[in-house]
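To start, the structure under review is shown below, and the notes come after it.
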Amino acid sequence: MNIYESFDIHPDLWPLVEAAEARIAETFGRIEDICEANSLKVLAAFTGCGVSSAHLLGSTGYGYNDSGRDMLDRVFARAVGAPAAIVRHGFVSGTHAIATALYGVLRPGDRMVSITGQPYDTLLPIMGLGSELSGSLKDYGIICEVLNLLSDGRVDTEGLAAAVRGAKMAYIQRSRGYSLRPSLSIKEIERLCTILRQIQPDIVIMVDNCYGEFVETREPTAVGADLMAGSLIKNPGGGIARTGGYIAGRADLVELCADRLTCPGMGTEVGCSLDELRAMYLGLFYAPGVVAAAVKTAVFAAALFEDMGYTTYPASREARTDIIETLVLGDPERMVAFCKAVQRVSPIDSMAAPEPGDMPGYAHPVIMAAGAFTQGASIELSADGPIREPYAVYLQGGLNYPTGKIGVLSAADALYRLNN
């Protein structure tokens, strides 16, 4: 324990730490097995596609004949089990990538149904749910509906047929977002895809895959989803990609999305890569290992905070399908103390003191610890949450387990001292 002395962790916590790590040792072994499988899968995508050093070089201007950009699309698609993909630094966020997919596929008069309840906060203005913003899907005459979840947070499969029949798209959010409902496993997504195909064979199944990439050994596009989208400053960027996002899935649908990203008739043929390619390739290569470290950090946080008497989602021994750990603290003061403690041991801006504040796309003030090399990178250790009941913080990321662990310990120490 001497290596942790400089972080001034309260000595009463060490027995809890030792007990927690002993209890999750077997879980860590399973995480390593998944990491090995995904690492080899990504390597096979690189070698199978024939990536060369020339593909790491960028382009300028229109980006015509950018072989590195086009190769990255092929490598990414192969790595995630999709027929096609577009991977671009021009996506400013996961929300932007998802919005591009929605606007690319849906047309006026179409109807889409979110079958996993109300989507993540930043998607609501895009869909026109509770908002009359100009340019929303609703503004374009696209109908967006929500199938409410059951009381246990599961998808209402009995209500699926009535909800989606005649719809153009069924929308699935894999991760929990700022809610306590369970995240969806790949097995559950596969089951939902099967049910949806039985109801309406031609329905487009779209998955918000943020926070889920490489947590399991398969991705939604490998089990029946037509499209998925996410951010490169989360899992698939490996903490190295400086910005960007992706859309992957059926080739015809991906091309429609590319036409929306650029313009019809140009699609994937344009868009310079500047000097971002090397970081995106390297980030994808590192992603399985970095994701494994983030999952370990989440599992450790769950185990430690369970022993401290807090409710955690998922519990420490539950199977994982994303990198997010929800810790119900029950009080806004604890939320602030938790986030400040995580910030104190962040590699960047450790001297900053997070406070709740307004953020674009959110209805409540948000507290956020984010001392990251890349602004807003959720694959780096961060903790955040809206200041609203049940006053939960959402912990995610950790580029490596030791630094993720000390972030969790710092937060535990802050709450222990606050409560004692």
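Here, each number is a calculation from the coordinates, and none is a lab measurement. Here the structure is a predicted model, which means the values were calculated and not measured. We place every Cβ from the backbone using ideal geometry, glycine too, and count neighbours over all the protein chains shown.
Computed from Cα atoms, the angle from the helix 332-344 axis to the main principal axis of the chain rounds to 90 degrees.
Between the range 348-373 and the range 39-82, the alpha-carbon centres lie 34 Å apart. Put the Cα centre of the range 236-268 next to the Cα centre of the range 105-142 and the gap is 20 Å. Remark: the range 216-226, residue by residue, has Karplus-estimated 3J(HN,Hα) of 10, 8, 10, 10, x, 5, 8, 10, x, 6, 7 Hz, where x stands for each Gly or Pro and the curve is 6.51 cos²θ - 1.76 cosθ + 1.60 at θ = phi - 60°. With K and R counted +1 and D and E -1, the other residues having a Cβ less than 12 Å from that of residue 82 yield a net charge of 0. Under the shape rule built on the C-alpha gyration tensor, where the axes satisfy a ≥ b ≥ c, the range 191-326 is oblate, since a/c reaches at least 1.5 while a/b does not exceed b/c.
The charge dipole of the range 160-290, taken about the Cα centre with unit charges on the Cβ atoms of Lys, Arg (+1) and Asp, Glu (-1), comes to about 500 debye, rounded to the nearest 20. Positive-end ranking of 81, 137, 327 along the dipole of the chain, with charges on Cβ about the Cα centre, is headed by 81. Converting phi to 3J(HN,Hα) with the Karplus coefficients 6.51, -1.76 and 1.60 and the offset θ = phi - 60°, the range 101-109 yields 5, 5, 5, x, 9, 7, 10, x, x Hz in sequence order, with x at every glycine or proline. Between 100, 90, 205, the Cα set farthest toward the positive side of the dipole of the range 55-284 (charges on each charged residue's Cβ, about the Cα centre) is that of 205.
Working ranking of peptides 141-147, 252-258 by packing, defined as the average number of other Cβ atoms within 10 Å per residue, highest first, is 252-258, 141-147. When only the Cβ of Lys, Arg, Asp and Glu is charged (+1, +1, -1, -1), the dipole of the chain relative to its Cα centre reaches about 700 debye. Take every pair of alpha-carbon atoms less than 8 Å apart whose residues are at least six positions apart; their mean separation over the length of the chain yields a relative contact order of 18 percent.
Around the amide H of residue 146, modelled in the peptide plane, lie the amide H atoms of 114, all under 5 Å away and 5 or more residues distant in sequence or on another chain. Taking a Cβ cut-off of under 12 Å around residue 208, the surrounding Lys, Arg, Asp and Glu residues balance to a net charge of +1, with basic ones at +1 and acidic ones at -1. I need the shape label for the range 213-284. Rule: rounded when a/c is under 1.5, else prolate if a/b > b/c, else oblate, with a, b, c from the alpha carbon gyration tensor. Verdict is oblate for the range 213-284. In order along the range 28-37, the Karplus-derived 3J(HN,Hα) couplings, from 6.51 cos²θ - 1.76 cosθ + 1.60 at θ = phi - 60°, round to 4, x, 5, 5, 5, 4, 5, 4, 5, 4 Hz, and Gly and Pro are given as x.
Only Lys, Arg, Asp and Glu carry charge here, each on its Cβ (+1 for the first two, -1 for the last two); on that basis the range 55-284 has a dipole of about 280 debye about its Cα centre.
Loop-located trypsin sites (Lys or Arg not before Pro) in the range 219-303 (DSSP state other than H, G, I, E, B) with a sparse environment of at most 10 neighbouring Cβ atoms within 10 Å are absent. The Cα center of the range 379-401 and the Cα center of the range 172-186 differ in position by 15 Å.
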